[in-house]
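**Q** First the structure, which I've put down as structure tokens, then a few questions once you've had a look.
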Amino acid sequence: MEDNQIPTLAEENIPSSPKRKKGGLIIIGILLAATLFYIGGMSRQISIANIFGPKTTATPAPDSDYIMPKKESDRLDVLILGIRGEDDVNAANGGPLLTDSIQIVSYDKRTGETSLVSLPRDLYVEVDNGKNDKLNAVYEYGISHSSNSLNFIKEKISQITGVYIDQVVVFDFASFKEIIDALGGIDLTLAAPFTENQQWGYKFSLPAGKNHLDGQSALYYARSRYSSSDFDRSRRQQQIIMAIKDKLLQLNFVGDPVKSFSVLNMVRNNIKTDIGVWNIGQYLDMAGRSSLDAMKRTVISTDNLLIESKENGLYVLLPKSGDLSEIKRLFSESLN
């Protein structure tokens with residue numbers, strides 16, 4: 001399988017390639033803006049603000065340990081959230097602050113191992129005391145009910161996954177599109193044709209084999225879900241992240257501050273993060289020791305840990321185990 005083919009299983013291990021060790025210089029495509037501030041020599045904090053199985057009776061995952069895990073000195077976990085954004089033409093009807101993409105990048109500082117895990121937006125959880133909802137509503141809830149929405153979402157995801165979330169990056173899909181266009185597009189190799197007939201007002205399709213995508217096409221490919229599923233969409237989002245990484249390396253964006261800042265200036269109003277200049281050491285260490293080509297990629301889905309259910313007619317996902325223990329176990333072992 002080529003690097004950017006869609007994996008057929010929920011979990012995939014990519015063989016390590018020593019020649020591509022510098023892949024660790026970009027933690028993840030959308031983390032580009034934060035990382036480039038450091039590498040380009042900026043010395044201030046980034047804080048940019050505009051931006052199917054058995055049916056059951058749904059209850060939020062009963063778990064006595066909805067508690068904050070301890071910070072691990074040898075592990076770095078970064079939460080990446082993708083939202084529609086208020087500038088989206090359909091934002092009024094679709095919830096501009098709901099998180100369509102929920103990914104966690106983990107890095108073992110001792111071994112240099114990295115992993116990328118996608119959480120489903122329909123996972124039914126306890127958002128707050130007495131408040132239950134889908135996972136994709138947590139960030140929006142935090143904005144309305146917390147003085148620090150970034151801390152709120154980090155703490156909730158930490159409680160759900162059992163790993164301490166160190167930093168968070170929130171981007172809207174306008175910045176996603178702009179990054180890819182600034183890169184001159186990305187290249188994907190598809191194992192099978194992809195078609196979305198309903199979502200975009202016309203038939204969007206890509207053939208099997210090699211494809212070159214501009215920002216708009218990449219956005220459609222990453223967000224399409226009517227003709228497939230959210231789980232497949234998560235796999236496609238991971239695939240695009242790796243394609244962005246490949247293009248960044250080809251164009252040497254990390255080694256060229258002028259190119260780096262040109263991309264950063266395009267997206268700076270659409271990124272929100274708590275990554276600060278004091279974090280530079282751990283990211284440089286990650287850049288020097290890890291390889292994204294060896295990254296372990298996992299999508300949490302009904303293929304492994306979840307079952308489908310209904311809550312007042314609303315489609316939700318619940319853990320098969322009845323609690324969050326298996327999800328937490330997956331995250332605790334994600335770097336093994």
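The values are calculated or read from the model by the stated rules, or taken from the named source; none is laboratory data. Quantities reported herein were computed from a predicted structural model and do not represent experimental measurements. Cβ coordinates were reconstructed from backbone atoms using ideal geometry, including for glycine residues, and neighbour counts include every protein chain displayed.
**Q** Does any residue in region 82-109 that is within 18 Å of E178 (Cα to Cα) come within less than 8 Å, Cβ to Cβ, of a residue that is modelled with pLDDT of 85 or more and hydroxyl-bearing (S, T, Y) six or more places away or on a different chain, and which pairs are these?
**A** G82/T99; G82/S101; I83/T99; I83/Y139; S101/S118
**Q** Where residues in region 148-193 are acidic (D, E) and in a strand (DSSP E or B), which of them is modelled with the lowest pLDDT?
**A** D172
**Q** Give me a count of the residues in region 99-132 that are of a type in the set (D, E, K, R) and under 14 Å from the mean Cα position of the chain (by Cα).
**A** Result for region 99-132: 2.
**Q** Assuming G184 fulfils every condition listed in (1) surrounded by 18 or more Cβ atoms within 10 Å (Cβ to Cβ); (2) more than 16 Å from the chain's Cα centre (by Cα); (3) of a type in the set (G, A, S) apart from one, which condition is it?
**A** (1)
**Q** Within region 123-147, track down each residue that is touching a Lys or Arg at 6+ places or on another chain (Cβ under 9 Å) and part of a strand (DSSP E or B).
**A** L123, Y124, V125, E126, V127, D128, K134
**Q** Could you please find all residues in region 135-158 being surrounded by fewer than 18 Cβ atoms within 10 Å (Cβ to Cβ) and more than 24 Å from I300 (Cα to Cα)?
**A** Matches in region 135-158: I143, S144, H145, S146, S147, N148.
**Q** So, one more: Could you check how many residues of region 303-314 are at pLDDT 95 or above and either assigned to a helix (DSSP H, G or I) or in contact with a Ser or Thr (Cβ under 9 Å, 6 or more places away or on another chain) (or both)?
**A** 5
**Q** A further question on this structure: With the condition kept exactly as written, say whether any residue in region 160-173 is out of contact with any Ser or Thr (no Cβ under 9 Å at 6 or more places or on another chain), surrounded by 23 or more Cβ atoms within 10 Å (Cβ to Cβ), within 17 Å of Q238 (Cα to Cα) and not hydrophobic (A, V, I, L, M, F, W, C).
**A** Checking region 160-173: at least one residue is out of contact with any Ser or Thr (no Cβ under 9 Å at 6 or more places or on another chain), surrounded by 23 or more Cβ atoms within 10 Å (Cβ to Cβ), within 17 Å of Q238 (Cα to Cα) and not hydrophobic (A, V, I, L, M, F, W, C).
**Q** Kindly state which strands (runs of 3 or more DSSP E) lie completely within region 194-253 and contain at least 2 residues that are hydrophobic (A, V, I, L, M, F, W, C) and at negative phi.
**A** Here the list reads 204-206.
**Q** State all residues of region 198-221 that are at pLDDT 90 or above and more than 18 Å from Q237 (Cβ to Cβ); if no residue qualifies, say none.
**A** Passing the criteria: K203, S205, P207, A208, G209, K210, H212.
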